[in-house]
1. Return yes or no: is Met198 touching a Phe, Trp or Tyr at 6+ places or on another chain (Cβ under 9 Å) and either of a type in the set (Ser, Thr, Tyr) or open to solvent by less than 10 Å² (accessible area, probe 1.4 Å) (or both)?
2. Take the stretch 171-196 and flag every residue that is in a helix (DSSP H, G or I) and in contact with a helix residue (DSSP H, G or I) (Cβ under 6 Å, 6 or more places away or on another chain).
3. In this structure, is Ala93 more than 25 Å from Val40 (Cβ to Cβ), in a helix (DSSP H, G or I) and open to solvent by 30 Å² or more (accessible area, probe 1.4 Å)?
4. Determine whether Leu13 is within 21 Å of Gln203 (Cα to Cα) and either without any contact (Cβ under 8 Å) to a residue 40 or more places away in the chain or under 20 Å from the mean Cα position of the chain (by Cα) (or both).
5. Look at the stretch 182-195 and say how many of its residues are among the aliphatic types (A, V, I, L, M) and open to solvent by 40 Å² or more (accessible area, probe 1.4 Å).
6. Which one is nearest to Val258 (Cα to Cα), of the residues in the stretch 219-239 that are in a helix (DSSP H, G or I) and touching a helix residue (DSSP H, G or I) at 6+ places or on another chain (Cβ under 6 Å)?
7. Are any residues in the stretch 144-179 more than 19 Å from Met122 (Cβ to Cβ) and surrounded by 21 or more Cβ atoms within 10 Å (Cβ to Cβ), and if so, which ones?
8. Only strands (runs of 3 or more DSSP E) wholly contained in the stretch 1-85 count here; list those with 1 or more residues that are under 22 Å from Leu195 (Cα atoms).
Amino acid sequence: MAAIADNAAAPLLRIRDLRKSFGSHEVLKGISLEVRAGEVVSIIGASGSGKSTFLRCINVMEMPNEGFFDFEDFAFDFRAGARNQPTPAQLRALRARIGMVFQSYNLWPHMTVLENVIEAPMRVKRLARAEAVAIAESLLERIGLADKRGAYPSRLSGGQQQRVAIARALAMKPRLMLFDEVTSALDPELVGEVLALMASLAQEGMTMLLVTHEIGFAREVSTRTVFFDQGRIAEDGLPRDVLYRPQSERLQQFLRRVLHEHVATSAAREAHP
C-alpha cells in the first residue's frame, strides 16, 4: 500500500477544465483533478479514452487547448490569448520537476546505461559530472543494475531497460512521477520487476500518476483510482470502491473485459509455458 497522503494539505497538482483536441476530435472534454503530495493515483480506462493524452498534457508535451493548471509555483491558463500561458523557459523548468516514463523505453542507444542516467542532470540541472555519476550509481544500485552501468541498451532485457528509464527520470529528483502504461510493451515474465520498483517508490511517498492496465497493481498500490471514459473522468475514489463497487455500467463493462482478458492470457501461458 502506498504512503497515505495528507488530505488536509493543499494539492500539489490542481487541474481544472482541461481540454485537448486534435483537429476536430476532442480527446479531453473538461478534466478536473487534484493530487496531493504522496498520493498514488492510478488511471484506468479503455484504449482511446484520453488517459495518455492527459499525462502528456500535465508536463505539457501536448499543449492543452483550454484549462487551468497549478503545480507548486507554476500557474498556467491555457485559453487562447490568456496572459499566463507557459513560456518555453517555464516549460523546461516544469519538466525538470515532473518525471515521465513511457511505454517505450526511449533510452539513447548510443549511450551506456550510466550515460543515459547522468545526461539530463548534467544538461538541465548543470550538475558536475562527479555529482551526477554519484546519483546515477546510487539509483542503479537500487534498481539492481549496478553491474550494467557500462552496458548499452541493446544488451539489456525490456524489463532492465524500463528500470533504467525510471532511474533516469528519478535522477532529476522530480516532485511528481508520471507513468504511461510502462509495462504494456514488456514480456509477461518481466512485468513484475518493473511493478516492484514502482511499488517501492509508492511506499516511500513518491507522488505518482500512473496509467495502467494492471488492475491488481492499481488496487494494491494506489491511494486513488480514476476511471476515464470518452475523454471524461467517470469515476474517482478509493481503489476498493472504484474497482469492487463500480457505479457506472461503463466501468462494470470495462472491468469484466479486463478480467476476461486476464483469464484468457493466463490460460494461454499455461498451454504454452
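The values are calculated or read from the model by the stated rules, or taken from the named source; none is laboratory data. All values reported here derive from a predicted model rather than from experimental measurement. Reconstructed Cβ throughout: ideal geometry from the backbone, glycine too, with neighbour counts over all protein chains shown. Ligands, DNA and RNA are stripped out before the accessible areas are found, and what is left, the full protein with its side chains, is counted by its heavy atoms. Shrake-Rupley method; radii C 1.70, N 1.55, O 1.52, S 1.80 Å.
1. When the stated conditions are applied, Met198 passes them.
2. If the condition is that a residue be in a helix (DSSP H, G or I) and in contact with a helix residue (DSSP H, G or I) (Cβ under 6 Å, 6 or more places away or on another chain), then Leu190, Glu193, Val194, Leu195 are the ones that fit.
3. No: the conditions fail for Ala93.
4. yes
5. 1
6. In this case the residue turns out to be Arg219.
7. Passing the criteria: Gln160, Gln161, Gln162, Arg163, Leu176, Met177, Leu178, Phe179.
8. 25-35, 40-44
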